[in-house]
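Structure first, then comments.
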Amino acid sequence: MDPSSARPSRSTSHGELSHRGPARKSLIWREWICWVQLIFGGFVQILHFIIVPETRSDVLLDREAKRRREQEGQKHIYGPTDFKTDRFSRKEIITTWIRPFHMFVREPIVLCCSCE
């Protein structure tokens, strides 16, 4: 057994490949690991976009309201976001942007696992 495989790796995504197997034998393969993961991730995202149907309720209700207005002539039916002009308020954007920094300060394990 290789002594380097007995110690824990800092990153689970490349621990097995960098300590034994093809990455140990060829440094060229080690440089391609990130690209292989990127290509696979992109393929899965495209497949997900094609196969998985929309499930968010406000989007489905907006589609149904639009369909009923166009096909059935029911002009009094509206979806939940038909009258909403601003998609995000300034407060929502700031809250969403600051939240990770609050997690870094309040939960040190998040900071330790993020810094590699």
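The residue of the range 61-116 that is farthest from the chain's Cα centre (by Cα), among those that are of a type in the set (Gly, Ala, Ser) and either assigned to a helix (DSSP H, G or I) or at positive phi (or both), is 73.
Scanning the range 43-60 for residues that are assigned to a helix (DSSP H, G or I), closer than 25 Å to residue 80 by Cα and under 16 Å from the mean Cα position of the chain (by Cα) turns up just one, 49.
Just so you know, all these numbers are worked out from the coordinates, no wet-lab data involved. Remember, it's a predicted structure, so these values are computed and weren't measured experimentally.
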